[in-house]
Amino acid sequence: MAEETDSQTVFKELSKLEHEFEQAEFEILKYSTKLLKPLYEKRKALLPKVEKFWSVAFEQIGEDLDQYLTPLDAELLESLDTIDLDRDETDPRTFTLTFSFKDNKFLETTTLSKTFTYVPKPSSPEDDDDEDSEDITESARVSYKSTKAPIKWKQGQDLTKTKPGQPISFFTFFEWENKGEEEDAKGGDVFANAHEVAILIAEELYPNAVKLYTDALIEEEEDDEEEIDLEEMLTIEITDEEDDDEDEEDEPPRKKSKK
């Protein structure tokens, strides 16, 4: 076996250090999950008093979620009532997302839940299949799996049934299983990045929901103020033009000069 280069030695040491960071972050997550749970319960009790809280917060995430939404998806999400996040006590990296909707024209069953189970890849460099790999980050070793969460749609309102060439519905998210290279009659997962979206919802949307909602309100107020300012400017300009016209009409005609 060829002697290790200094670079290879450094990467091995860095990889070991990354594992230590991940373990520390895991312990922090376990502690924070336990600490924050009663606070999220208090927040949950207050939010029903805020109109369209979750649909507004969801929309405020922006392009990271918008790219997966069709116009009909957005229409259904307008009736989103609550989003709940429940982390596993033993390993909080495993989590369940629950979407609850108000009565709407699309869904027969208005509560949709999906669990994403954390599946770590080999936990030490010695276990890796590719020992020469320089990708030492956690994302290179972490995976998730899930089972299909059935959705009961009202007749003729199944958003996941789209025609060829049309964008897929966000709600195929609930079908994701991380089939990977498994042979399946229907092919791979329709929503290939569902686990990434789930992590985005769990780590960005859910904990920051109040800030996202208030940011949306502030943006709306600023837009309203800009519209009012524009209307006032237009009104002033029109009034000034009318005043100028009246002044011209009131001005007496000039006498012709004598030759």
Q: Keeping to region 40-56, report how many residues are without any contact (Cβ under 8 Å) to a residue 24 or more places away in the chain and assigned to a loop (DSSP other than H, G, I, E, B).
A: 1
Q: Could you please find all residues in region 57-107 being part of a helix (DSSP H, G or I) and under 21 Å from Leu39 (Cα atoms)?
A: Ala57, Phe58
Q) Scanning for something of a type in the set (Asp, Glu), at pLDDT below 95 and either crowded, with 17+ Cβ neighbours inside 10 Å or touching a Lys or Arg at 6+ places or on another chain (Cβ under 6 Å) (or both), does region 57-67 turn up at least one residue? A) yes
Q: Would you mind finding the one in Trp153, Trp176 that is in contact with a His (Cβ under 9 Å, 6 or more places away or on another chain), surrounded by 12 or more Cβ atoms within 10 Å (Cβ to Cβ), modelled with pLDDT of 90 or more and not charged (D, E, K, R)?
A: Trp176
Q) Which of the residues belonging to region 20-70 are among the β-branched types (Val, Ile, Thr) and more than 15 Å from Glu203 (Cβ to Cβ)? A) Val50, Val56, Thr70
Q.
If Leu46 meets every condition in (1) loosely packed, with under 11 Cβ neighbours inside 10 Å; (2) under 17 Å from Leu159 (Cβ atoms); (3) aliphatic (A, V, I, L, M) apart from one, which number is that one?
A. (2)
Q. Of all residues in region 90-105, which are exposed (fewer than 15 other Cβ atoms within 10 Å of the Cβ), under 15 Å from Lys30 (Cα atoms) and in contact (Cβ under 8 Å) with a residue 12 or more places away in the chain?
A. Asp91
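The values are calculated or read from the model by the stated rules, or taken from the named source; none is laboratory data. On a predicted model such as this, the values are computed, not experimentally measured, just so you know. Cβ coordinates were reconstructed from backbone atoms using ideal geometry, including for glycine residues, and neighbour counts include every protein chain displayed.
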